[in-house]
Amino acid sequence: MPIDTTLIGDMYRRMSIARAIEQIVEKHTRKARISGWWHPGEGQEAVGVGASAALNGEDYLWYQGRGCAWAIGKGMQPGPILGDVLGKVSGATGGKGGGVPHWADYSLGIMGEGATLGSVYPLAAGSAFASKLRKDGRVSLANFGDGTASRGTFHETMVHAATWKLPLIYLCENNELLVGTKLTDVCPTADIADFAKGYGIPGIIVDGQDAVAVYEATLEAAARARAGEGPTLIEAKTTRVQGHYAGDPQNYRAKDALANYRDPLAVLAERMAVDEVETIAAEALALVQAAYEETLAAPPPDHSIIFKDLYYGQ
Amino acid sequence: MANNDKMETMLYNAAMGLGLAEEMRTNPDIFVLGQGVASGGWFGAEKGLADEFGSDRVVDCGICEAFEVGMAAGASVVGMTPVINLGFADFSLIAGDEIYHKLGKWRYMHGLNVPMSAVIILPVGVMGGAGPEHSNSIEVLGMHFPGLKVVVPSNAADAKGLMKAALREPNPVLYHSIQTLSFTRGEVPLDSDYIVEIGKGIVRRPGRDATLLTYGSMVNRSLEAATTLANEGIEVEIIDLRSLVPLDWELILESVNRTHRALVVHEANKTAGPGAEIAAQIQERAFYELETPILRVAGKDVPLPQQNDLEQACIPSVDEIVAAGRHIMSL
Ligand SMILES: Cc1ncc(C[n+]2csc(CCOP(=O)(O)OP(=O)(O)O)c2C)c(N)n1
């Protein structure tokens, strides 16, 4: 079935917004400091946006914090994202957050990030377990990088999720790098999807530069999950265009590392009319620019926020 | 059967299980996960739960402590009340990230003020030959890391009452049952609304001469020591803290301001143990009320040996507590 053109336009819009945020944050960090590090997601936008498009609003997303395509894909506006990056009250966390993001909005099913990488696997299984008990038809998705597939929690969680047939999706963004280490120097397989065999679940490899491919694979995994057939591991092959963090000199990287890079925006644009592409891109840029200016004008949080949310009702 | 003042003698762990079962009857969001819980639990706390509530809500898992607590954190964020029994507090170190970063900080770091109910049962202390990796009293960790509540029931009635309070609490609770008390019996109220409020200590024995602050396994030894000291004319007030987070400062200070002497007794290692914090805060809050230095009687700073006699030599004995009582009165 050919994919709906409105959906393509919407994915293109979200990817353009994520890209515009990348560019504005990158520019910002060149002249001013932000709290923490921004982990650029340029080149990987099709994964977060494509997968989120296949989820329902109330499905649970537990993400890893490279870029912002997951948050934008699942419905967050640029304002709360930039607010946290710049440490302003307008941020999703009220300005407590920073470059390692903790954006969450439970009304959008954006459940948050664990910056000790690999910590979201069991959390996603927790919400999936809740859905199974409540029979609410929701799916939980745990997003992670290839380097994070070596965490013990990956295995502990999937052993149980596969046994109990939890409505869970593991979605790996394989950019072949963890900081400056090549995946294959520390992992016995170049394909994280191989691990699925041991759990008796499908392990699907998709082109992570193609939002439509990611969307379709996620849609199928979500349908399996909702039908009570259990978890799926999806591996999206992708490319990290920038450094590990904004400002990373990347001395570890070959000069021609990006020779075969395909921009996910260009890949998606091939399915669209030229004028639509241009209009959407211009609108995204304007939206993000306005949000950035509002963020700059917003105040930093009052120090009293230090004690907020530590305990319920506090 | 809500307002029922009947009592029944039962095992400490059974009382814990009774509190759990009563709450599960009224709250369908509670589920229990752990190694062996579906067949009644390693130490009997979950006996009968699977029969009554089914295998959907009383679930066995493999050896996967990080998963157990991590999934509890995820489930609690979406409104469930998971109960995880790790069997030994020692294993909580494997789930350190999940307990202290995820349960303790998720709400805070995402800035969304939602209830997060979860009860993590972490039995502490020696149990007779369990060795250095199965005998730790590491309840101080929950005091050090923000965002959690910490309870330490010292008898069967409290085991029930604190379990029920923990299950109704909108914050994650580390429930440190006491290994050595697991199979001791006590009178337990059958009232299904019997709650021991988190953050409230209790005077177990009144006394005018010194305040002895303790909890868990050392409550009974301290009471025994107080009887001996009373024969010598020394009246020690014994406070069972029951909760370590939050501490009942109203009760502690009222007592210390009256007796002007304070001792802290616990099984946990002395260095940087709960007593260090409690003593530091007493001197910050009531220094000019004190007649003497604050004394600590605590576990030795060594790994706990497996040999029974050596194990006991590492934790406070009744004699040591008596000696500390005499000593503080001589200062
Ligand atoms: C438990 C843990 N160990 C190490 C780190 C430091 N760290 C931050 S990002 C990163 C690389 C992660 O690699 P990968 O999962 O492949 O994701 P990518 O950075 O490629 O998006 C590391 C090691 C961390 N945040 N958490």
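Working only within segment B:153-172, note down all residues that are touching a helix residue (DSSP H, G or I) at 6+ places or on another chain (Cβ under 8 Å), part of a loop (DSSP other than H, G, I, E, B) and either in the same structural domain as residue B:271 (by TED's automatic domain parsing) or closer than 17 Å to residue B:247 by Cβ (or both).
Initially, segment B:153-172 is screened for residues touching a helix residue (DSSP H, G or I) at 6+ places or on another chain (Cβ under 8 Å), giving B:153-157, B:159-164, B:167-168, B:172.
Then keep just the ones that are part of a loop (DSSP other than H, G, I, E, B); that gives B:153-155, B:168.
Listed by number, the residues that qualify are B:153, B:154.
With respect to residue A:182, determine if the residue is more than 17 Å from the chain's Cα centre (by Cα), more than 16 Å from the ligand (Cβ to nearest atom), more than 9 Å from chain B (Cβ to nearest Cβ) and farther than 22 Å from residue B:109 by Cβ.
Details: more than 17 Å from the chain's Cα centre (by Cα): yes; more than 16 Å from the ligand (Cβ to nearest atom): no; more than 9 Å from chain B (Cβ to nearest Cβ): yes; farther than 22 Å from residue B:109 by Cβ: yes.
Against the criterion (more than 17 Å from the chain's Cα centre (by Cα), more than 16 Å from the ligand (Cβ to nearest atom), more than 9 Å from chain B (Cβ to nearest Cβ) and farther than 22 Å from residue B:109 by Cβ), residue A:182 does not qualify.
For segment A:259-288, the tally of residues that are surrounded by fewer than 13 Cβ atoms within 10 Å (Cβ to Cβ) and in a helix (DSSP H, G or I) stands at 6. In this structure, is residue B:133 over 18 Å from residue B:241 (Cα atoms), of a type outside the set (A, V, I, L, M, F, W, C) and assigned to a strand (DSSP E or B)? The answer is no for residue B:133. Applying the set (1) within 30 Å of residue B:34 (Cβ to Cβ); (2) in contact (Cβ under 8 Å) with a residue 40 or more places away in the chain; (3) of a type outside the set (Asp, Glu); (4) within 12 Å of chain B (Cβ to nearest Cβ) to residue A:100 leaves exactly one unmet item: (1). Selection within segment B:73-87: residues that are assigned to a loop (DSSP other than H, G, I, E, B) and not hydrophobic (A, V, I, L, M, F, W, C). The member of this set that is surrounded by the fewest Cβ atoms within 10 Å (Cβ to Cβ) is B:79.
In a loop (DSSP other than H, G, I, E, B) and within 16 Å of the ligand (Cβ to nearest atom): which single residue out of A:57, A:65 fits that description? The unique qualifying residue is A:65. A single entry from A:262, A:271, A:226, A:240 fulfils the requirement of being away from the ligand (no atom under 16 Å from the Cβ) and touching a Pro at 6+ places or on another chain (Cβ under 8 Å): A:226.
So is residue A:166 within 12 Å of chain B (Cβ to nearest Cβ), surrounded by 23 or more Cβ atoms within 10 Å (Cβ to Cβ) and within 16 Å of the ligand (Cβ to nearest atom) or not?
Values: within 12 Å of chain B (Cβ to nearest Cβ): yes; surrounded by 23 or more Cβ atoms within 10 Å (Cβ to Cβ): yes; within 16 Å of the ligand (Cβ to nearest atom): no.
So residue A:166 does not fit the description; no.
Candidates B:177, B:192, B:182: the one that is over 10 Å from the mean Cα position of the chain (by Cα), within 16 Å of residue B:46 (Cα to Cα) and hydroxyl-bearing (Ser, Thr, Tyr) is B:182. In segment B:84-106, the residues that are within 9 Å of chain A (Cβ to nearest Cβ) and free of Cβ contacts under 8 Å to residues at least 40 places away in the same chain form Cβ pairs under 7 Å with partners that are among the β-branched types (Val, Ile, Thr) and in a loop (DSSP other than H, G, I, E, B), at six or more places apart or across chains, as follows: B:97/A:116; B:101/A:116. In this entry, residue B:272 passes the filter for residues that are on the phi > 0 side of the Ramachandran plot and of a type in the set (A, V, I, L, M, F, W, C). Only one of the numbered conditions (1) away from the ligand (no atom under 16 Å from the Cβ); (2) closer than 15 Å to residue A:122 by Cβ; (3) without any contact (Cβ under 8 Å) to a residue 40 or more places away in the chain is not met by residue B:113, and that is (2). On the stretch given as segment A:28-59, residues that are closer than 21 Å to residue A:261 by Cβ and surrounded by fewer than 23 Cβ atoms within 10 Å (Cβ to Cβ) total 2.
Given the criteria of a type in the set (A, V, I, L, M), in contact (Cβ under 8 Å) with a residue 60 or more places away in the chain and either touching a Cys at 6+ places or on another chain (Cβ under 6 Å) or surrounded by fewer than 17 Cβ atoms within 10 Å (Cβ to Cβ) (or both), does residue A:3 qualify?
On the way: of a type in the set (A, V, I, L, M): yes; in contact (Cβ under 8 Å) with a residue 60 or more places away in the chain: yes; either touching a Cys at 6+ places or on another chain (Cβ under 6 Å) or surrounded by fewer than 17 Cβ atoms within 10 Å (Cβ to Cβ) (or both): yes.
Yes; evaluated as a whole, the condition is true for this residue.
Only one of the numbered conditions (1) away from the ligand (no atom under 16 Å from the Cβ); (2) assigned to a helix (DSSP H, G or I); (3) crowded, with 21+ Cβ neighbours inside 10 Å is not met by residue A:79, and that is (3). Within segment B:88-103, the residues that satisfy the criterion of being of a type outside the set (Val, Ile, Thr) and surrounded by fewer than 24 Cβ atoms within 10 Å (Cβ to Cβ) are B:88, B:90, B:91, B:93, B:96, B:97, B:100, B:101. Against the list (1) assigned to a helix (DSSP H, G or I); (2) closer than 25 Å to residue B:12 by Cα, the condition residue B:109 fails is (2). Can you pull out every residue in segment A:85-101 that is modelled with pLDDT of 95 or more, surrounded by 24 or more Cβ atoms within 10 Å (Cβ to Cβ) and not β-branched (Val, Ile, Thr)? Residues satisfying the conditions are A:91, A:92. Restricting attention to segment A:103-134, the residues being free of Cβ contacts under 8 Å to residues at least 40 places away in the same chain, more than 7 Å from chain B (Cβ to nearest Cβ) and part of a loop (DSSP other than H, G, I, E, B) number 2.
Scanning segment B:39-66 for residues that are without any contact (Cβ under 8 Å) to a residue 24 or more places away in the chain and either of a type in the set (Val, Ile, Thr) or facing chain A (nearest Cβ under 8 Å) (or both) gives a single hit, B:64.
Among the residues of segment B:261-288, those identified as in a helix (DSSP H, G or I) and touching a strand residue (DSSP E or B) at 6+ places or on another chain (Cβ under 7 Å) are B:274, B:275, B:278, B:279, B:282.
The set of residues in segment B:49-78 being touching a helix residue (DSSP H, G or I) at 6+ places or on another chain (Cβ under 7 Å), more than 16 Å from the ligand (Cβ to nearest atom) and small (Gly, Ala, Ser) consists of B:50, B:55, B:62, B:72, B:74, B:75. For residue A:23, the conditions (1) over 25 Å from residue B:76 (Cα atoms); (2) surrounded by fewer than 22 Cβ atoms within 10 Å (Cβ to Cβ); (3) under 14 Å from the mean Cα position of the chain (by Cα) all hold with the exception of (3). Among the residues of segment B:63-72, is there at least one that is in a loop (DSSP other than H, G, I, E, B) and under 20 Å from residue A:114 (Cα atoms)? The answer is yes; a qualifying residue exists.
Among the residues in segment B:109-122, are any touching a Lys or Arg at 6+ places or on another chain (Cβ under 6 Å), at negative phi and within 11 Å of chain A (Cβ to nearest Cβ)? Yes, segment B:109-122 contains at least one residue that is touching a Lys or Arg at 6+ places or on another chain (Cβ under 6 Å), at negative phi and within 11 Å of chain A (Cβ to nearest Cβ).
The values are calculated or read from the model by the stated rules, or taken from the named source; none is laboratory data. Just so we're clear, the structure is a prediction, and the values are computed from it rather than from any experiment. When we count neighbours, we look across all protein chains shown, and the Cβ atoms used for this are built from the backbone with ideal geometry, even at glycine.
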